[in-house]
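Here is the structure we will look at, set down as structure tokens.
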Amino acid sequence: MKTPTLLLTSLLALVASTLAQTTAAPIAPAIPAEMPERKPDIHYVPTPEDVVEEMLRLTNVTKDDLVYDLGSGDGRIVITAAKKRGARGIGIDIDPQRITEAKENAKKAGVEDRVKFMKADIFKSDFKDATVVTLYLLTSINEKLRPKLFAELKPGTRIASHAFSMGDWKADEHKILGSRSVFYWVLPANLSGRWKIAGKAEGGVTSLDLQQKFQMLTGAAEVQGEQRAITDGRVTGESFTVTLAPAKEGGEPIKFSGRLSGEKLQSSGEGKQPATWSAEREEGTKQQLQARL
């Protein structure tokens, strides 16, 4: 029969042996799947194919375009733009699972050479080289993204959003497809300020004083020494049109159009006898459209 001392010695030896084996062969920790750098803003819901087609139709995507899909999911919008319209495309999504899926879909579609997918936060991403931007987010996210669109995109960039608006930035077009809808905008140039016209302009206009909110223009114009209110005005990319109130009741309104070229306004060169004029903006009168968002 073993004494208590021998029993204790045997037990300690067994514990020491077990610890040595554990130290010699540690268990490797499980490697978790790659996780988003932060939680996605919304749950992923794919855009139906007929809506994808309408978004690409509204934005008039061609082989010369670079389409960015912000929150690109399985990649179907840029893949369709590449496969059916010959465009190049870049999809940005914060969820690595969606990026993996999109890359596999691009390979299956045979457009790997024309599209790219990046795991990134759209609010921290650079997409200023886009000619077309597509969205399927929420109105609140669109509104949060809106200042970045105005600050970074070039005038004339076309934007389409499935189902959700941009708040008080009214769409240039709004198409209904059964229970679904698509909103469409053309990013406007900033034409706000006072412009002095040189040359012969339509209706004898000699100056413009333009206030701008998003793509809408208000203000007044000077015509032969008299002020005429702008009753309707709109900027589409770098082009603009305004309608001036008639000089007197029953008179004819003046329709006036032009485009931004560099830092000057100039005549659009349209019509049978197009007017020839240019205009420079008075220093210090340009407003920041961003402040109005």
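Numbers at a glance
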read-out	value
Residue match in segment 92-109 (condition: of a type in the set (Gly, Ala, Ser) and part of a loop (DSSP other than H, G, I, E, B))	no
Per-region count, segment 172-204, residues small (Gly, Ala, Ser) and buried (at least 18 other Cβ atoms within 10 Å of the Cβ)	4
Residue list for segment 42-72, filter: within 16 Å of the chain's Cα centre (by Cα), outside any helix (DSSP H, G or I) and not β-branched (Val, Ile, Thr)	ASN60, ASP65, LEU66, TYR68, ASP69, LEU70, GLY71, SER72
Hits in segment 245-256 (condition: without any contact (Cβ under 8 Å) to a residue 40 or more places away in the chain and either in contact with a strand residue (DSSP E or B) (Cβ under 9 Å, 6 or more places away or on another chain) or hydrophobic (A, V, I, L, M, F, W, C) (or both))	ALA245, PRO246, ALA247, PRO253
Cross-chain or 6+ apart pairs with Cβ under 7 Å, segment 227-244 first and within 16 Å of LEU153 (Cβ to Cβ) and in contact (Cβ under 8 Å) with a residue 12 or more places away in the chain, then of a type in the set (A, V, I, L, M) and assigned to a strand (DSSP E or B)	VAL235/LEU217; THR236/VAL186; GLY237/VAL186; GLU238/LEU260
Contacts under 7 angstrom Cβ, first residue in segment 50-78 being more than 13 Å from THR131 (Cβ to Cβ), partner of a type in the set (Ser, Thr, Tyr) and surrounded by fewer than 18 Cβ atoms within 10 Å (Cβ to Cβ), 6 or more apart	GLY73/TYR44
Flag if ILE159 is in a strand (DSSP E or B) and either farther than 21 Å from GLU53 by Cβ or among the aliphatic types (A, V, I, L, M) (or both)	yes
Residue in segment 100-121 that is closer than 29 Å to GLY178 by Cα, crowded, with 22+ Cβ neighbours inside 10 Å and β-branched (Val, Ile, Thr) present	no
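Conditions tested, residue by residue: (1) crowded, with 17+ Cβ neighbours inside 10 Å; (2) assigned to a loop (DSSP other than H, G, I, E, B); (3) touching a strand residue (DSSP E or B) at 6+ places or on another chain (Cβ under 6 Å).
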residue: PHE123; (1), (2), (3): no, no, no
residue: ALA130; (1), (2), (3): yes, yes, yes
residue: THR134; (1), (2), (3): yes, no, yes
residue: GLU143; (1), (2), (3): yes, no, no
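Coordinate-derived values only; no laboratory data. All of these numbers come straight from a predicted model, not from anything done at the bench. Cβ atoms come from the backbone with ideal geometry, glycine included; neighbour counts cover every protein chain shown.
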